[in-house]
Amino acid sequence: MTTNRDIAEATIVTFDELGPVGLIAIDNPPVNAISHSVRLKLVDAITRAEKNPSIKALLIMASGELFSAGADITEFGRPKAAPSLQQLQTRIESSPTPVVAAMQGLALGGGLELAMACHYRLAHKNAKIGLPEITLGIIPGAGGTQRLPRLMGARAALDMILSGTPVPASEAKAKGLVDEVAEGDLRDAALGFCKRLVREGLGPRPTCNRTVMDHLDETEIAAALLPHARALKGRTTQDLVVEAIKACKLPFSEGIAIEAALAQESLASRESLALRHVFFAERKSSKLSGLSSVNVRKAHPPAIQRVAVIGAGTMGSGIAIAFADAGLEVLLNDNDPAALSRSREHVRSAYASSVKRGRITEGIADERIRRIRNTVALAEAANADLVIEAVFEDIELKKDVLSKLDSILPPQRLIATNTSTLSVTELASATAHPERVLGLHFFVPAHVSKLLEIVRTNHTSPENLATAFRVAKLLKKVAVVSRDAFGFIGNRMMLDGYFREAEQLLLEGATPTQVDTALESFGFGMGPLGVSDLGGNDVGAKARVQLFKRESRPDPYFVIADRLTEMGRLGQKTVRGFYRYENGSREAVSDPELISLIEKLASERSIARREINDQEIVERCILSLINVGAMVLDEGIAARAADIECGLEQRLWIPTPPWRADVLCRHVGAFPRVAAHSPLS
Ligand code: T1G
């Protein structure tokens, strides 16, 4: 009996003779990964074409929205199956028949490397082309570091591989990576291009025989690395990229051998193991039990064009910007006109800084600002496809807003609350339709932070949960589902685990500088006490007051931060917090007054103080985080460890989560439940 799989396998690569052109089409949904079957069938098709004298040119295309997402990542770590991508490329490059690749949508990683082994390349005008391997902690391993410099120069190739960000077709053409950009139908343009080759008798043009036109010295390399310094802090893949690119000056066969060895090294690195784990964890996190029928990532958000955000404070304004950035019409409501004007200023300055940083043009900024319409009339929210409540974190105020929304919105319309501390179940009880209420917990700054916690109650309907996922996809956020509980996932782990342990270490004898420095050298973007001073110790204190309405925590839970708040030492905004900040600078200076305060708080609690080393600081803060993670999993607040890791990776200001691989490797025995989900267990 012929199964769907047999049919898929049979059509994974097709070959059609179109006059002098042999059309080879890849069809391997969902992303045309260059899997083993694809490679096998491509070699078969090329062999068949070469045996047919009427075929004068070969055209490789792919079906669907994108050309290819690259090598099949699910094959990593498995025994290599021939033909490898490199063998396939050699087959193409040495073919006596000119081979053309035509790319639409996205052409990434091994997919672009395949195209670079072809003799000519076309791209549709909307296509984006790139080598994102560095985002997976690996280097391009199928000739990318050797062929790209031969097509666009070593410096441009280094920039492209270090950024990992795909470039538009027009830029790829300007840089010599593609020969032609198709404005209209790609297939027609590509067939026309092939026929022109035949007519003009243009033959194969192996990229490997080309010469790298520019020279890269150490100054150039340092200049190329600089713009990526922050994003690649704590990473090592970039060093392997540089080594591979340097080899492009050698004869191709030598350079490609060096690349292969470095690619293997990167593939085996813990950094890559962790990043590949996150890649799949992020994709898993959007699949929720009970919603298996709907792969929410694939579904396009049918009806969400207008969003209403209630509350024009910092969070409300940030959420409004996030939706405007995603192309939606936003109604921003607040019953205080002054708050709306402050929000307008906030929105304008946020866009002004994006323009200044060259992220968007002035025109786009104006258009997005125009999409956010302010109103004091809550009733106008009735026309919105989705409403998000983001008023001040007060249970009675929020309940009042939700019950008003409940009365003006159609019963099935989703009402989301951005609460970070309050019970969503209790808020939903203020409506007649609790099934349509859930939490959409954005993190500061809402238009930048990639994490979105979706908080479900026991009443939340699967349809509304699916809609929440679609909203996350629309906003390009990593969605993690949490049950409605104390601090949900992210805050629970940060408060009960990471920050609480940092305070405990202060009480036992460590200094703020020591704690923050130890964790920053371990890989965190900023230490916990610096973060607290940046966000404002009062903000944390207020959140804990709300949180304790559902569950309390025993002393000395955050006793230092609470005392600092009482004393008005709120952090950077009051030039004193855990540190002193002189003359408005952001540089944290140790403050002896704070040490005396901590000593006093410790002696009041008979906490013995002692010397504490950096290793103990790192281990205790990280292990506490993992420990609370195990509890969050045990209590069913998070559905999977992968969800926790997705969330944490977004929250912890770590460019790369070296801690997961390292710590779990060292402590797998101590926390089996979390470790069990680790790729290293
Ligand atoms: N291999 C295998 N599966 C892949 C895949 C890949 N390269 N890319 C995506 N998938 C799966 C994904 O897990 C999900 O599965 C489904 O496809 C849809 O993906 C030799 C070694 C292309 C921008 O780094 O960035 O080439 O969850 O949900 O949001 O040098 O996928 O449905 O079961 O993400 O529309 C380099 C990785 C590989 C690109 C589409 N390539 N992919 O995003 O869909 S390494 C990349 C993406 C390489 C060579 C090296 C995104 C996307 P499931 P999705 P999307």
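All of the numbers you see were taken from the coordinates with simple rules; none came from a lab. Values in this document were obtained by computation on a predicted structure and should not be read as measured data. So basically every Cβ, Gly included, is an ideal-geometry build from the backbone, and we count neighbours across all protein chains shown.
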Query raised in the report: Under the Kirkwood approximation applied to all pairs of distinct alpha-carbon atoms, what is the hydrodynamic radius of segment 393-459 in Å?
Result: 12.2 Å
Query raised in the report: In debye to the nearest 20, how big a dipole does the chain give about its Cα centre with +1 on each Lys and Arg Cβ and -1 on each Asp and Glu Cβ?
Result: 1240 debye
Query raised in the report: If you take the square roots of the eigenvalues of the alpha-carbon gyration tensor of segment 111-153 and sort them as a ≥ b ≥ c, do you get rounded (a/c under 1.5), prolate (a/b over b/c) or oblate?
Result: oblate
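Net charge around Asp406, counting only other residues with Cβ within less than 13 Å of its Cβ (Lys, Arg = +1; Asp, Glu = -1)? Write down the numbers at each step before the final one.
Numbers: positive: Lys398, Lys399, Lys404, Arg413, Arg436; negative: Glu389, Asp400, Glu435.
That sum, taken over residues with Cβ under 13 Å, equals +2.
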Requested in this report: Using DSSP, restrict attention to beta bridges with both residues in the chain and report what percent are antiparallel, rounded to the nearest 5.
Outcome: 25 percent
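What chymotrypsin sites (Phe, Trp or Tyr not before Pro) does segment 303-405 have in DSSP loop regions with at most 13 other beta carbons within 10 Å?
Details: sites: Phe323, Tyr351, Phe392; in loops: Phe392.
Answer in residue order: Phe392.
Normalised by the residues of the chain, what does the relative contact order come to in percent, with Cα pairs under 8 Å and at least six apart? Can you show the working numbers first?
On the way: 1239 pairs, mean separation 65.0, N = 681.
It comes to 10 percent, rounded to a whole number.
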Report summary line: Residue-normalised 222 nm signal for the chain, counting each DSSP H run of n ≥ 4 as -39,500 (n - 2.57), nearest 500 deg cm²/dmol, is -14000 deg cm²/dmol
Report summary line: Phi-derived 3J(HN,Hα) across segment 308-314 with the Karplus relation (6.51, -1.76, 1.60, θ = phi - 60°), rounded Hz, x for Gly and Pro, is 10, 10, 9, x, 9, x, 4
Query - Sequence-distant residues sharing a close amide H with Ile360 (under 5 Å, placed H) - result: Val355
Query raised in the report: Lys173: net charge of surrounding residues, Cβ under 11 Å, Lys/Arg +1, Asp/Glu -1, itself excluded?
Result: 0
Query raised in the report: Where in segment 304-374 are there trypsin sites (Lys or Arg not before Pro) that are in a DSSP coil and have at most 14 other Cβ atoms within 10 angstrom of their Cβ?
Result: Arg357, Arg359
Query raised in the report: If the convex hull of the alpha-carbon atoms of segment 38-195 is projected onto planes in all directions, what is the mean projected area in square nanometres?
Result: 8.9 nm²
Report summary line: Log entry: pair-distance distribution for the chain, C-alpha pairs binned every 20 Å from zero, whole % per bin is 16, 44, 32, 7, 0
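Grab the other residues whose beta carbon is less than 13 angstrom from that of Tyr351, score K and R as +1, D and E as -1, and report the net.
Numbers: positive: Arg344, Arg348, Lys356, Arg357, Arg359, Arg368, Arg370, Arg371; negative: Asp325, Glu345, Glu362, Asp366, Glu367.
Taking every Cβ under 13 Å from that of Tyr351, the sum is +3.
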**Report entry** Relative frequency of Cα-Cα separations exceeding 13 Å in segment 190-255, percent
**Finding:** 75 percent
Query raised in the report: Can you give the extra length, in nm with one decimal, that the chain gains between Ser403 and Ser585 once fully stretched, where that is 0.36 nm per residue apart less the Cα-Cα distance?
Result: 61.0 nm
**Report entry** Peptides 227-233, 556-562 ordered by average Cβ neighbours within 10 Å, highest first
**Finding:** 556-562, 227-233
Query raised in the report: In whole Å, what is the distance between the alpha-carbon centres of segment 403-420 and segment 88-128?
Result: 50 Å
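Suppose every K and R has +1 on its Cβ and every D and E has -1 on its Cβ; what is the size of the dipole of segment 461-507 about the Cα centre, in Debye to the nearest 20? Walk me through the numbers before you get to the answer.
On the way: 7 positive and 5 negative charges, 71 e Å.
Using only the charged Cβ atoms, the result is roughly 340 debye.
Could you grab the relative contact order for segment 100-207? Cα pairs under 8 Å, six or more apart, rounded to a whole percent. Don't skip to the answer; put the middle values down first.
Details: 185 pairs, mean separation 35.9, N = 108.
Worked out over segment 100-207, it gives 33 percent.
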Query raised in the report: What are the residues whose amide H is under 5 Å from the amide H of Asn374, where those residues sit 5 or more places off or on another chain and H is modelled from the backbone?
Result: Leu332
Query - Whole-Hz ³J(HN,Hα) from phi, Karplus 6.51 cos²θ - 1.76 cosθ + 1.60, for segment 560-569, glycine and proline x - result: 6, 4, 5, 5, 4, 5, 4, 7, x, 8
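If contacts are Cα pairs under 8 angstrom and at least 6 residues apart, what is the relative contact order of segment 366-423 in percent? Write down the numbers at each step before the final one.
Working: 42 pairs, mean separation 23.6, N = 58.
In percent, rounded to a whole number, it is 41.
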Report task. Report the one residue of Asn374, Asn4, Ser429 whose Cα lies farthest in the direction of the positive end of the charge dipole of the chain (charges on C-beta: Lys and Arg +1, Asp and Glu -1; origin at the Cα centre). Result -> Asn4
Query raised in the report: Going by the alpha-carbon gyration tensor, a ≥ b ≥ c the square roots of its eigenvalues, is segment 71-140 rounded (a/c under 1.5) or, if a/c is not under 1.5, prolate (a/b greater than b/c) versus oblate?
Result: oblate
Report summary line: With x for Gly and Pro, the residue-by-residue ³J(HN,Hα) of segment 126-136, computed from phi through the Karplus equation 6.51 cos²θ - 1.76 cosθ + 1.60 at θ = phi - 60° and given in whole Hz, is 8, 6, 10, 10, x, 10, x, 3, 4, 6, 9
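Between the DSSP loop rule and a limit of at most 15 other Cβ atoms within 10 Å, which chymotrypsin sites (Phe, Trp or Tyr not before Pro) in segment 35-128 are left?
Values: sites: Phe67, Phe76, Tyr120; in loops: Phe67, Phe76.
For chymotrypsin sites (Phe, Trp or Tyr not before Pro) across segment 35-128 that sit outside H, G, I, E and B with at most 15 neighbouring Cβ atoms in 10 Å, the list reads Phe76.
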Query raised in the report: Counting only residues 5 or more places away or on other chains, whose amide H sits under 5 Å from the amide H of Thr417 once H atoms are built in the peptide plane?
Result: Glu389, Leu438, Gly439, Leu440
Report task. Among Met493, Ile129, Ala638, pick out the residue whose Cα is farthest towards the positive end of the charge dipole of the chain, where Lys and Arg carry +1 and Asp and Glu carry -1 on C-beta, about the Cα centre. Result -> Ile129
Query raised in the report: Once both axes come from the Cα atoms, what is the angle between helix 36-50 and the longest principal axis of the chain, in degrees from 0 to 90, rounded to 10?
Result: 20 degrees
Requested in this report: Name the residue farthest towards the positive end of the dipole of the chain from the options Ser35, Ile595, Asn627, assuming +1 on Cβ of Lys and Arg, -1 on Cβ of Asp and Glu, about the Cα centre.
Outcome: Ser35
